[in-house]
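First up is the structure itself, then whatever we jot down about it.
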Amino acid sequence: MPVDATEPGLDGSGTEPGRTTGRLYGVGLGPGDPELVTVKAARLVERADVIAYHSARHGRSVARTIAEPYLRDGQIEEALTYPVTTEKPEHPDGYRAEIEEFYAASAARLAAHLDAGRDVVVLCEGDPFFYGSYMHMHKRLAGRYPTEVVPGVTSVSAAAAVLGRPLVERDEILTVLPGTLPTEVLAERLTATDSAAIMKLGRTFGNVRAALAQAGRLDEAWYVERATTDRQQSARLAEVDPATVPYFSLALLPSRVHERTRAELAGVDSPTVPATEPVPVAPDGLGEVVVVGLGPAGREWCTPQAQDALAAADDLVGYGPYLDRVPANSRQRRHASDNRVEAERAEFALDLARRGRRVAVVSSGDPGVFAMAAAVLEVASEPKWTDIPVRVLPGLTAAQAVASRVGAPLGHDYCVLSLSDRLKPWDIIAKRLSAAAEADLVIAIYNPGSKSRTWQVAAAKELLLAHRSPETPVVLGRDVGGSGERVRVVRLADLDPADVDMRTLLLVGSSTTRVVTRNSADPVVFTPRRYPA
């Protein structure tokens with residue numbers, strides 16, 4: 001291979017004129033195929049005085065195997081063998097202390113060669129600055145010696161090429177994640193991004209698979225092992241046996257836009273992206289409004305279908321505190337508003353959709369229960385908006401969440417009623433509450449009180465006592481699923497309006513609702529399915 005004698009460190013003397021120390025090179029070798037090593041990387045490897053590479057205790061180095069065709073006789077090799085990888089550390093201060101001592105000792109070994117005027121090439125599979133071992137030498141030596149880093153083809157790029165699926169298209173965002181993150185964190189990041197690559201599988205594969213399922217994206221995920229080598233494997237991730245997954249593998253969520261548009265051009269449904277998912281811009285120039293139920297609290301209460309719609313949206317519209325529950329995504333625009341402007345919010349969302357935007361209107365709980373679905377559909381039924389597509393995605397209701405905390409108080413017939421008289425007169429509320437109480441229905445009461453509505457709970461209690469025993473169990477559930485969760489069971493006679501606010505939901509039992517104590521101190525509440533004759 002011809003050599004440019006003017007390149008620093010390659011004049012055959014080991015150092016460039018006037019330089020007394022050697023030069024440090026961090027050389028990326030690509031994902032595994034020696035033919036994917038760059039011309040510059042090959043030249044540096046061939047001409048180096050010292051070749052350094054990391055390995056586990058078994059002594060085999062992936063980086064050295066890739067570089068082997070470019071090595072020459074007479075080169076000094078420095079095998080930097082990790083003292084611990086997955087084994088239990090022997091250092092009294094644990095893994096981090098042991099690995100830091102190893103990096104310090106390895107840097108000292110390389111520094112000795114550099115001080116002697118020898119050029120040192122540190123081999124690195126993939127790219128040196130992409131989860132590469134070289135970076136630990138770089139931070140210890142780059143400030144003391146002339147240094148150059150040669151980029152390499154990453155495993156992420158290689159995996160996309162192996163699958164024949166682009167990573168990103170148009171304005172999509174790619175997120176790279178280590179599989180070592182907790183499952184909940186991974187799921188949250190996967191929900192908020194378009195495309196993703198998850199590195200460092202092996203023992204983490206089970207958690208990664210669980211995170212993909214939690215984020216509603218398992219069907220989109222692909223698995224690639226040892227990309228571009230003679231041991232290369234690829235498959236849909238859901239079909240992979242966790243016991244067979246090595247460290248040198250990754251999970252990939254390729255471009256959704258590419259998958260959809262490819263399927264559209266072929267005239268078929270996308271096999272990995274649900275056919276119901278809105279396209280970026282419809283052929284007629286219209287977008288779509290999807291009204292999404294977030295559930296009563298955190299992401300774990302939100303359905304995969306809802307999470308998928310949130311991830312696909314261009315714009316998020318909703319009451320500020322509800323929008324705050326959706327993970328931030330810099331690709332999306334967020335439009336927060338006050339809780340009392342539902343019609344204006346609906347019209348704003350529909351106008352965005354008319355301009356070709358995919359809009360998610362968020363609601364707490366289920367959007368069809370005292371929430372935004374009715375408001376959006378009411379405005380969308382006006383003649384000027386009837387051409388805008390509108391979908392409603394259900395969510396777990398607050399009543400269901402509170403009921404689950406105590407057992408099954410909604411196990412028989414029940415009704416759902418709001419005590420708010422902001423949109424309907426109190427006499428209608430009173431009539432309906434009395435009718436439900438007389439009919440012996442379990443009653444889920446939403447919006448029982450607020451700072452400006454302080455008397456309704458006491459009035460409702462009197463109406464209920466006219467038809468129900470003072471012993472009737474009442475469940476008070478506040479902020480279920482949130483940091484301020486509080487759930488109590490009291491007798492109807494003991495219901496104190498001062499304990500009820502806007503974030504509290506009441507479940508009033510029927511004549512058959514029972515409260516029992518089992519093996520714990522907390523009571524269990526249920527309404528039997530069989531009604532007395």
Exercise. Ordering D115, D366 by how much accessible area each has at a 1.4 Å probe, largest first, what is the list?
Worked result: D115, D366
Exercise. What is the percent of Cα-Cα separations in the stretch 116-172 that go past 12 Å?
Worked result: 72
Problem set entry | Cα-only Debye scattering, the stretch 93-224: base-10 log of I(q)/I(0) at q = 0.13 Å⁻¹ | -0.72
Seminar exercise, completed: From highest to lowest solvent-accessible area (probe 1.4 Å; ligands, DNA and RNA excluded), D413, D119 read D413, D119
For this session: Give a quick list of trypsin sites (Lys or Arg not before Pro) in the stretch 381-427 that DSSP marks as loop, anything other than H, G, I, E or B, with at most 10 other Cβ atoms within 10 Å.
Result: R422
Exercise. Where the eigenvalues come from the Cα gyration tensor of the stretch 431-533, what are the semi-axes √(5λ) of the equivalent ellipsoid, largest first, in whole Å?
Worked result: 21, 19, 11
Exercise. In nm², what is the average projected area of the convex hull enclosing the Cα atoms of the stretch 22-180?
Worked result: 11.2
For this session: Whenever you get a sec, compute what percent of the accessible area on the stretch 366-501 sits on carbon and sulfur atoms (1.4 Å probe).
Result: 53
Exercise. Mind checking the angle between helix 426-438 and the chain's longest principal axis? C-alpha axes, 0 to 90 degrees, to the nearest 10.
Worked result: 90
Problem set entry | Per-bin percent of Cα-Cα distances, the stretch 296-413 [5 Å] | 2, 11, 21, 23, 19, 11, 7, 4, 2, 0
Seminar exercise, completed: Rounded to the nearest 10, the angle in degrees between the Cα long axis of helix 456-465 and the longest principal axis of the Cα atoms of the chain comes to 60
Problem set entry | Cross-link reach list, lysines versus K40, counting only Cα pairs under 24 Å and skipping chain neighbours closer than eight places | K139
Exercise. With Rg and the Kirkwood Rh both taken from Cα atoms, where does Rg over Rh land for the chain?
Worked result: 1.13
Seminar exercise, completed: In whole percents, the bins of 5 Å from zero upward hold the Cα-Cα pairs of the stretch 410-465 as 4, 19, 33, 26, 12, 5, 1
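Per DSSP H run of at least 4 residues, take -39500 (n - 2.57); add these up for the chain, divide by its residues and hand me the 222 nm value, nearest 500 deg cm²/dmol. Don't skip to the answer; put the middle values down first.
Values: 15 runs with 151 residues, N = 533.
Roughly -8500 deg cm²/dmol at 222 nm, from the helical runs in the chain.
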Problem set entry | Accessible surface, per residue, of the chain when the full set of protein chains is kept, probe 1.4 Å, Å² | 47
Exercise. In the stretch 31-125, carbon and sulfur make up what percent of the accessible area (probe 1.4 Å)?
Worked result: 48
Exercise. Measuring from centroid to centroid over Cα atoms, what is the spacing of the stretch 504-533 and the stretch 400-470 in Å?
Worked result: 16
Exercise. What is the chain's relative contact order, in percent, from Cα pairs under 8 angstrom and six or more apart in sequence?
Worked result: 10
For this session: List the lysines whose Cα lies under 30 Å from the Cα of K424, skipping any in the same chain that are fewer than 8 positions away.
Result: K384, K451, K461
Problem set entry | Helix 95-115 vs. the chain, principal-axis angle (Cα, 0 to 90°, nearest 10) | 30
Exercise. So in the chain, what percent of DSSP beta bridges are antiparallel if you round to the nearest 5?
Worked result: 40
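The values are calculated or read from the model by the stated rules, or taken from the named source; none is laboratory data. Treat the numbers as computed from the prediction; the structure is a model and nothing was measured. We place every Cβ from the backbone using ideal geometry, glycine too, and count neighbours over all the protein chains shown. In case anyone asks, the SASA skips ligands and DNA or RNA and just uses the protein heavy atoms, side chains included. Shrake-Rupley method; radii C 1.70, N 1.55, O 1.52, S 1.80 Å.
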